[in-house]
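The values are calculated or read from the model by the stated rules, or taken from the named source; none is laboratory data. Being a predicted model, the structure only gives us computed values, none of them experimental. Here the Cβ is made from the backbone with ideal geometry for all residues, glycine too, and neighbour counts use every protein chain on show. Only protein heavy atoms, including side chains, enter the accessible area calculation; ligands, DNA and RNA are left aside. Shrake-Rupley method; radii C 1.70, N 1.55, O 1.52, S 1.80 Å.
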Amino acid sequence: MTVMRVERVVYGVPNLEECVRFFTDFGLDPVDGGENGARFATQTGQVLELRDVDDPSLPPPVQSGPTLREIVWGGDSQESLDKLATNLLSDRSIYTDADGVAHTTDETGFGVGLAVSQPVTGRTNFPGSNRSGNVNRWNDPLAHPGRVKPLRLCHVALDIKKEGKEEAVAFYTERLGFVPTDRPAKVGVFMRAPGDTDHHTLLLCHRPDRNQINHCAFEVARIDEVIVGANDMIDKGWHEARRLGRHTVGSNIFRFIHAPCGGRMEFAADMDRVDDSYGPNDYEETPPHTIWTLR
Ligand SMILES: [Fe+2]
């Protein structure tokens with residue numbers, strides 16, 4: 001199987017009502033299938049699921065309180081998914097649910113699911129940008145972007161303990177085929193799903209030396225939407241966790257909001273796109289966190 005993207009993330013929360021309000025405000029669309037909680041979708045059909053923190057069908061939490069319990073990865077076919085699940089069976093138990101989704105856990109204890117990806121096409125008609133020599137918007141004045149609707153859940157960042165970090169990474173690179181892109185030694189490993197061209201689909205970050213959710217990132221169309229999306233969240237009473245900036249590793253423009261389901265949510269835009277000719281790049285000294293950020 002080629003893993004293409006994040007298909008679903010599942011959080012266990014004690015504060016369902018507050019989390020529903022957060023993701024409604026965040027611009028995700030409510031969808032069916034959340035009988036034991038709530039489900040939301042991105043514009044390209046990825047699901048964010050909220051379940052009760054004590055739901056016995058979820059993998060045990062890696063930290064106390066609300067947190068991420070499982071990432072379901074979307075693959076390109078049932079046949080190759082079955083092959084991958086058979087391989088994983090050699091050293092861990094797997095449960096396949098009524099929808100054909102295989103569930104197990106990674107070396108850290110985060111739930112790992114495997115499902116056939118079901119992408120839908122989101123909005124694509126966004127205004128271009130202009131600069132001398134590269135004009136992409138003619139006779140088309142910009143307007144306020146309106147209600148920001150995240151296009152994609154483009155990456156997840158998980159914090160892991162330093163002890164065993166090599167094994168934690170190897171599960172994704174050797175068993176699921178993830179491709180490392182940048183490896184700052186004191187931070188962790190940025191990697192992309194083999195069927196994805198984003199600089200990273202997953203970050204395993206050992207710097208905090210703790211097992212916990214760090215953040216999920218949602219791609220929006222352009223910098224205007226990073227700013228307006230986060231402005232709207234702040235106007236609704238949610239708290240900014242990191243001001244506008246552009247990362248060094250991945251080059252994405254970002255703005256972070258504290259999330260009541262655990263960790264933070266990132267509005268992201270303009271990340272590096274890479275292919276197999278890129279990296280992996282190893283750094284002993286950690287690159288600066290940002291190219292720039294607001295003062
Ligand atoms: Fe991120």
Considering each of Val189, Val179, Val226 in turn, give the residue that is more than 15 Å from the chain's Cα centre (by Cα), modelled with pLDDT of 95 or more and open to solvent by 10 Å² or more (accessible area, probe 1.4 Å). Val179
Of all residues in segment 211-224, which are within 12 Å of the ligand (Cβ to nearest atom) and closer than 17 Å to Arg152 by Cα? His215, Cys216, Ala217, Phe218, Glu219
Among the listed residues Thr86, Thr108, Thr44, identify the single one that is assigned to a loop (DSSP other than H, G, I, E, B) and closer than 21 Å to Gly195 by Cα. Thr44
Report, by residue number, each residue of segment 281-295 that is among the polar types (S, T, N, Q) and in contact (Cβ under 8 Å) with a residue 60 or more places away in the chain. Asn281, Thr286
Filter segment 196-210 down to the residues that are more than 13 Å from the ligand (Cβ to nearest atom) and on the phi < 0 side of the Ramachandran plot, then identify the one that is surrounded by the most Cβ atoms within 10 Å (Cβ to Cβ). Asp196
Please enumerate the residues belonging to segment 153-172 that are surrounded by fewer than 21 Cβ atoms within 10 Å (Cβ to Cβ) and either assigned to a strand (DSSP E or B) or in the same structural domain as Val9 (by TED's automatic domain parsing) (or both). Ala157
Those residues of segment 47-72 which are open to solvent by less than 30 Å² (accessible area, probe 1.4 Å) and either among the aliphatic types (A, V, I, L, M) or part of a strand (DSSP E or B) (or both) amount to Val47, Leu48, Glu49, Leu50, Leu58, Thr67, Leu68, Arg69, Glu70, Ile71, Val72
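Please work out if Gly45 is among the small types (Gly, Ala, Ser), within 18 Å of the chain's Cα centre (by Cα) and on the phi < 0 side of the Ramachandran plot.
On the way: among the small types (Gly, Ala, Ser): yes; within 18 Å of the chain's Cα centre (by Cα): yes; on the phi < 0 side of the Ramachandran plot: no.
The answer is no for Gly45.
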Go through (1) outside any loop (DSSP other than H, G, I, E, B); (2) without any contact (Cβ under 8 Å) to a residue 40 or more places away in the chain and name the single condition Gly128 misses. (1)
Test Leu114 against the stated conditions and say whether it is closer than 27 Å to Glu167 by Cβ, more than 19 Å from the chain's Cα centre (by Cα) and either surrounded by 13 or more Cβ atoms within 10 Å (Cβ to Cβ) or not acidic (Asp, Glu) (or both). no
Pairs, first at pLDDT 95 or above in segment 21-35, second among the small types (Gly, Ala, Ser), C-beta under 6 Å, six or more apart: Asp29/Ala41; Val31/Ala41
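Give the number of residues within segment 73-108 that are open to solvent by less than 70 Å² (accessible area, probe 1.4 Å) and aromatic (Phe, Trp, Tyr).
1
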